[in-house]
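Q: One structure is given below, represented as structure tokens, and several questions about it will come after.
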Amino acid sequence: MINVVVIVVALLASAWDLKTYIIPNWLTFGGIILGVIMGACSVGAPGGVGDSLLGVLAGFLFLLVPFMFGVVGGGDVKLLAVFGAIGGFQFAINTLLIGSVAGGAFALLYLLYRKRLGSVLKEIYFSLITLFTLKKVSVNKKVEPVIPYGVFISIGAVLSLFCEVVKVALW
């Protein structure tokens, strides 16, 4: 049952994120509630409702700082919390790790394709100088399109599910 729920949530979240760049609250809050109920129903099984709630907390906390800096949206934070609620703490970690690698690889390939990798690295460099020296350094910014990160969180969840099914340890 957990496998089906993860796949359905991943597909719905990806479709909405690709189309609207928004992951709807009914999906995220509904998914969190469903995940905690599923955890409560697995009384006696390892994890249970405690692991489900810990997964929700982990999902929120892992993406809280990137959310505060505008790197990810609120729907992305809540989506990771959904997968944490469904699969527990370890599943949330695995989902984030795999999703981050998938999203980073896509972003790198995209920047190489658009011939923007050098300018983005330069922008990161100047941002770090500004952060550590508290001196404002200007750089010509060219706005890049937003990457729907919920798709990569979903990819991370489905691949994490696959790793659990074939009993592959990620770490």
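Every read-out reported here was derived from the displayed coordinates using simple, explicitly stated rules and does not represent laboratory data. From a predicted model like this one, the values you see are computed outputs, not experimental measurements. Every residue, glycine as well, gets a Cβ built from its backbone with ideal geometry; the counts of neighbours run over all protein chains shown.
Q: Which of the chymotrypsin sites (Phe, Trp or Tyr not before Pro) found in the stretch 1-101 are loop residues per DSSP with 11 or fewer other Cβ atoms within 10 Å of their Cβ?
A: Phe69
Q: Could you pull out every residue, at least 5 positions away or on a different chain, whose amide H is within less than 5 Å of the one on Val72? Hs are placed 1.01 Å off N in the peptide plane, and Pro or chain starts have none.
A: The answer is Phe67.
Q: Just to be sure I follow the definition: excluding the sites themselves, where is the longest run in the chain that has none of the trypsin sites (Lys or Arg not before Pro) in a DSSP loop with at most 13 other Cβ atoms within 10 Å?
A: Of all site-free stretches, the longest is 1-113.
Q: Given that just one value was derived from the coordinates, which of (i) 34; (ii) 26; (iii) 56 is percent of Cα pairs over 29 Å apart?
A: From the options (i) 34; (ii) 26; (iii) 56, the structure gives (ii).
Q: If you don't mind, there's one more thing I want to ask. Residue farthest toward the positive end of the dipole of the chain, with Cβ of Lys/Arg at +1 and Asp/Glu at -1: which of Val8, Val158, Ile124?
A: Result: Ile124, furthest along the dipole toward the positive end.
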